[in-house]
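Where a number appears in this text, it was derived from the coordinates with a stated rule and is not lab data. The structure displayed is predicted, hence computed values, not measured ones. All Cβ positions, glycine included, derive from the backbone under ideal geometry; neighbour counts span all protein chains shown.
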Amino acid sequence: MAEGETIRVRAFCVGTVQGVFFRASTQEQAQALGLAGSVENLPDGSVEVIAQGAPSQVESLLVWLHRGPPRARVEQVRVTTLPVDPALVTFRVGGKDR
């Protein structure tokens with residue numbers, strides 16, 4: 001991938017990922033990596049993460065998502081690629097990744 005390239009992914013994290021500070025910890029990790037996007041709890045007990053940024057930073061977040069914060073027990077992370085959204089500039093907790 002070319003330097004300066006941006007990618008955007010959606011990751012569904014399954015396991016003990018709600019009620020264990022997963023969203024706040026994910027936001028902290030993503031912001032430290034300079035990523036934009038969002039993290040939110042889903043009704044089925046999973047967590048959805050949208051992350052956009054440099055490929056290496058996105059990959060670093062995906063590696064972290066497989067572990068999560070100390071109290072989480074991540075069983076699965078399913079990742080799909082999304083089109084880049086130029087309007088996406090911050091990382092937030094809650095729906096809609098803008």
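Restricting attention to region 13-42, which residues are more than 19 Å from Leu82 (Cβ to Cβ) and buried (at least 23 other Cβ atoms within 10 Å of the Cβ)?
Listed by number, the residues that qualify are Val17, Phe22.
Being surrounded by fewer than 18 Cβ atoms within 10 Å (Cβ to Cβ) and assigned to a strand (DSSP E or B) is the requirement here; does Glu75 meet it?
yes
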